[in-house]
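The values are calculated or read from the model by the stated rules, or taken from the named source; none is laboratory data. Predicted model only: the values in this text are computed from it and were never measured. Counting neighbours? That spans all protein chains shown, and the Cβs are built from the backbone with ideal geometry, glycine included.
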Amino acid sequence: MLRPWAVQWITAVLVCRAVAQYSSDQCSWRGSGLSHESHRRDVEQVYLRCSQGSLEWLYPTGAIIVNLRPNIEPSSGHMSGLHVCIKPYPYSQGSHVYLEHAGDLRLLLTEKDQAAVHCFSLAEGVLFVEAIPQTDISRRITAFQYELVSSQGPGAHMYPSLHHGSVTCKPCSDEEVLMAVCTSDFAGSGVFRSVASGTDEHSPVVVALSRLFRQKSGVFAWGGARGRSWSGRVNVPKQCGVHSGEDEYLLTGSVHFSEAWLGCAPRYKDFLELYISAQKAGTNPCQIDVN
């Protein structure tokens, strides 16, 4: 339940502070709670309009409401299926993070919960970041990264943070595979080399790619003058385990907080048959060099 003083905060914000900190192209926000020192229950409105960015709140006092929205028209249909994922920085402290919707608060992150990525639908509300009362705020910084993530793209069902406890390892359909090679954050063909130790939810898999059609954020590195492949690590949910070997796969997926996550991954020979067939029929969503 929303505490009485929190109701007063939110009401005051809607009446008095609605225009604060707004920028239509703002991706990140950095502010200080020192401006709240004379009225410690003040609330700041923050508007972030990019697909990814960060927030850093120095000397947190009072609270801030963080409105995360993509810079697209709400009527375009792209809003449906969008989620927000936030990842605290290791040094983040001094605040609790709630989801606020229609006057109700739901705890999302405690001050000590700094390891995991947490995701929620845009329809669930906005972030309400509440500073924990401290006698000394000189070393307190609340900071996290955020990303807007679609739950409807090819391979999205493989991202554990988006589907916590309900990851499915079903193969992608033919249509999803063809779309994945065109729209994923990375796409290439290669082999699984080895499986490294990870967490209870996922394992990093070392991969070597002989072809790299596209990549985001440089998650794969070229082997150098003597190398013949791109190399890197791809996270795979524990229940969707892979085995190292010489079989070649089409590897596609998404990049979240600078880490690659596996999406659609059929055998490369099966993908080639599918791609060539679609090419002859003129139904490929894009053209790639498969030679």
(Q) I'd like the full set of residues that are outside any loop (DSSP other than H, G, I, E, B) and within 16 Å of D185 (Cβ to Cβ), limited to the range 146-174. (A) E147, L148, V149, S150, A156, H157, M158
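From Q145, Q134, Q93, Q152, which residue is of a type in the set (S, T, N, Q) and closer than 30 Å to D174 by Cα?
Among Q145, Q134, Q93, Q152, only Q152 is of a type in the set (S, T, N, Q) and closer than 30 Å to D174 by Cα.
For the range 238-251, name all the residues that are in contact (Cβ under 8 Å) with a residue 60 or more places away in the chain and either within 20 Å of S51 (Cα to Cα) or exposed (fewer than 13 other Cβ atoms within 10 Å of the Cβ) (or both). Give the steps one after another, and end with the answer.
In the first step, residues of the range 238-251 are kept if they are in contact (Cβ under 8 Å) with a residue 60 or more places away in the chain; the result is 239-240, 249-251.
The answer is Q239, and nothing else.
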**Q.** Those residues of the range 94-119 which are of a type in the set (A, V, I, L, M, F, W, C) and either outside any strand (DSSP E or B) or surrounded by 17 or more Cβ atoms within 10 Å (Cβ to Cβ) (or both), in sequence order
**A.** V97, L99, A102, L105, L108, L109, A115, A116, V117, C119
Q: Could you tell me whether any residue of the range 150-158 is surrounded by fewer than 21 Cβ atoms within 10 Å (Cβ to Cβ) and farther than 27 Å from A265 by Cα?
A: no
(Q) I'm trying to understand the selection: among the residues of the range 149-203, which are more than 17 Å from G81 (Cα to Cα) and within 14 Å of the chain's Cα centre (by Cα)? (A) D185
Q. Which residues, taken from the range 83-116, are among the aromatic types (F, W, Y) and either over 29 Å from H157 (Cβ atoms) or modelled with pLDDT under 95 (or both)?
A. Y89, Y91
